Every structure is written in structure tokens, then in C-alpha cells.
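The values are calculated or read from the model by the stated rules, or taken from the named source; none is laboratory data. For clarity, every value in this text was computed on a predicted model and none was experimentally measured. Glycine also receives a Cβ, built like all others from the backbone with ideal geometry; neighbour counts cover every protein chain displayed. Each accessible area value is taken on the protein alone, full model and side chains, heavy atoms only, with ligands, DNA and RNA left out. Shrake-Rupley method; radii C 1.70, N 1.55, O 1.52, S 1.80 Å.
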Amino acid sequence: MEEQENIIVADALGVIKTDIDKEYLAHLLCLGGTCRYRFNERDFELHAGDLSIIRKRKLIDRVQPSEDFRCRIIYATPGFIDLCTPQSNYGMKGSLALFLNPVMHLTPEQQIVCRRDFDLLEQRIRDTGHRFYRETLINTMQAAILDFFDFHARIYGDSDISTQNASIMNRFLKMLEEGTYREHREVTYYADCLCVTSKYLSEVSKKVSGYAANYWINRYTILDISRQLRNKSLTFVQISDMFGFSSPAYFSRYVQQNLGVRPSDYRE
């Protein structure tokens with residue numbers, strides 16, 4: 001069933017790789033041990049009872065679990081999460097707040113609720129004979145999302161991000177996630193698509209994420225280029241053309257400026 005590909009409950013890291021083409025959101029509850037990782041250029045460390053929600057998995061790297069690390073993870077595609085997310089401004093604001101800090105330190109009571117949500121989801125995924133399988137799965141995921149909203153609101157309070165700014169930033173990031181940066185790396189292009197000025201888009205991006213709009217364009221671009229460079233079946237010229245660079249020399253300078261090494265050295 002399609003739903004079984006859209007949502008997966010796992011008991012270990014690595015079930016879904018971070019560099020696959022299909023995107024998954026990760027909801028991880030730490031049950032024991034520790035796990036360090038870097039997300040959005042910041043370092044985080046999980047301990048027992050911590051819930052980590054990663055909405056932009058391509059921005060995560062340097063994952064270092066301890067030998068005794070134990071966890072449960074819900075992987076879900078963005079489309080399935082959108083389908084299950086209640087129509088609430090908090091969902092938009094909360095997702096951006098998690099973009100800055102994806103970790104929630106749950107109370108013992110919240111941990112019980114969270115584990116129950118994971119158990120119910122796993123049970124619903126397995127119950128493929130249910131006559132209303134899809135509906136029950138969506139309903140169970142929606143209940144879990146509402147609990148995640150509640151955890152976040154109780155821990156961090158209401159977000160001070162305006163609905164308008166949250167909407168602009170979400171639409172901007174969605175364009176980047178769709179790969180628009182391969183053809184367009186100018187802030188003016190995105191600003192025009194969002195019907196705002198370049199200055200305003202950069203100000204919103206800085207306020208919401210801590211970084212200007214140009215940072216995110218380059219960030220998504222270089223992450224994609226890094227993945228393509230690891231594919232040794234592609235030549236540097238092919239990768240350069242894929243991203244619309246005017247010449248392989250310009251492509252090489254861009255890579256060296258952002259990765260600190262030449263494409264050939266990175267591939268080695």
C-alpha cells in the first residue's frame with residue numbers, strides 16, 4: 001500500500017538514508033544513551049526522553065550515536081504530513097521554530113504520551129486489513145502531530161513569528177526543496193515569485209531562520225552538488241551543466257568557495 005511507503009516506524013538509525021532522493025521527515029524519541037548531530041549548522045545532543053523532529057533531513061550530518069543509544073523513529077513523507085497536519089497557524093510557526101531548534105526535552109508524562117503515539121502508529125500501520133485503513137492511519141498521525149504541537153507550545157511557548165513571515169519563509173524553502181536553485185540562484189527571482197522585494201525576503205529569512213535568503217540558496221545548492229560529486233558516474237562538466245553554471249571553471253570556483261576544496265579533491 002502507498003501509505004506504508006509514506007510512513008515508517010523504526011527502532012534504529014539508518015533505516016532511511018539522508019542522501020536518498022525521496023524526502024522523509026524524522027520524528028525521533030531517544031530512549032537511552034546519547035546521539036550528537038549537526039543540523040542547520042548547529043550542534044545538538046539527544047538524551048533519554050528527548051524528542052527530535054527534523055523537517056529538513058538534507059540539512060543534517062555528523063550523526064554520532066553512543067554505543068548504548070536506543071530510539072524509536074517515525075519517518076513520514078512531507079505530503080503525508082501535510083495531509084495529516086490540522087489547519088492551524090501553530091503548525092506553520094512551529095515547523096519554523098523546529099527549524100531553529102529541533103529538540104524538545106519531554107517531561108516523564110509527555111514521554112508516556114509520545115511513546116503511546118509511536119505504539120499506536122505502528123499498530124495502525126500493521127493493521128492492513130482494516131476496512132478504513134487509510135483513514136485510521138491519517139487520524140492516528142494527526143493525533144500524534146497535535147501532541148507534538150502541545151509539547152512544543154508548553155516547552156517553548158507561543159512563537160513570535162508572524163503568520164505572514166512564516167508563510168513567506170515556508171514558500172521560499174519549498175521552492176528550494178523542489179530544486180529551483182539548479183536554475184535560479186538570485187534572491188530577486190525568489191522575491192519576485194513571492195511578490196515581495198529582495199530586501200524584505202532577506203529580512204524575513206534572517207528573522208525567522210537566523211540567516212539571510214542568499215545563505216539558504218547557496219546551502220541547498222552546495223548540498224545537492226556534494227551529492228552529485230559523490231556519484232562518480234557523472235563528469236564535472238555534466239554536474240556543471242546540471243546546475244546551469246556558465247563554465248566548468250566557474251563551477252569549480254563555486255565549489256571551492258563553498259566546500260573549501262576543488263571538485264576533484266572533494267571526490268577523492
Can you tell me the 0 to 90 degree angle between the C-alpha axis of helix 133-156 and the longest principal axis of the chain, rounded to 10?
80 degrees
Taking the dipole about the Cα centre of the chain, with the C-beta of Lys and Arg at +1 and of Asp and Glu at -1, give me whichever of Pro65, Leu28, Gln110 is farthest to the positive side.
Pro65
On a full-extension model of 0.36 nm per residue, what is the gain between Asn101 and Asp43, subtracting their alpha-carbon distance, rounded to one decimal in nm?
19.9 nm
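Can you give the percent of C-alpha pairs in the range 153-268 whose distance is more than 20 Å?
On the way: 3179 of 6670 pairs.
The answer is 48 percent, as a whole percent.
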Pairs of lysine residues in the chain - Cα separation under 25 Å, sequence separation of 8 or more or cross-chain
27
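Per residue, how much accessible area does the chain show when a 1.4 Å probe rolls over the protein heavy atoms, in square angstrom?
Values: 13880 Å² over 268 residues.
Accessible surface, normalised per residue, equals 52 Å².
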Return the Rg/Rh ratio of the chain with Cα-based radii and a Kirkwood Rh.
0.98
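What value, in deg cm²/dmol to 500, does the helix sum -39500 (n - 2.57) over DSSP H runs of n ≥ 4 give at 222 nm once divided by the residues of the chain?
Values: 12 runs with 142 residues, N = 268.
Rounded to the nearest 500, it is -16500 deg cm²/dmol.
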Please compute the length gained on full extension between Lys206 and Thr136, using 0.36 nm multiplied by the number of residues separating them and subtracting their Cα-Cα distance.
21.2 nm
D (Stokes-Einstein, µm²/s), Kirkwood Cα radius, the range 157-217, 0.692 mPa s at 37 °C
284 µm²/s
Positive minus negative residues near Leu59 (Lys, Arg vs Asp, Glu; Cβ under 11 Å)
+4
On a 0 to 90° scale, report how tilted helix 89-100 is relative to the longest principal axis of the chain, with both axes built from alpha carbons and the result rounded to the nearest 10.
60 degrees
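How would the range 58-206 be classified by its alpha-carbon gyration tensor: rounded, prolate or oblate, with rounded meaning a/c under 1.5 and the a/b versus b/c comparison settling the rest? Walk me through the numbers on the way to the answer.
Numbers: a/c = 1.87, a/b = 1.67, b/c = 1.12.
Prolate.
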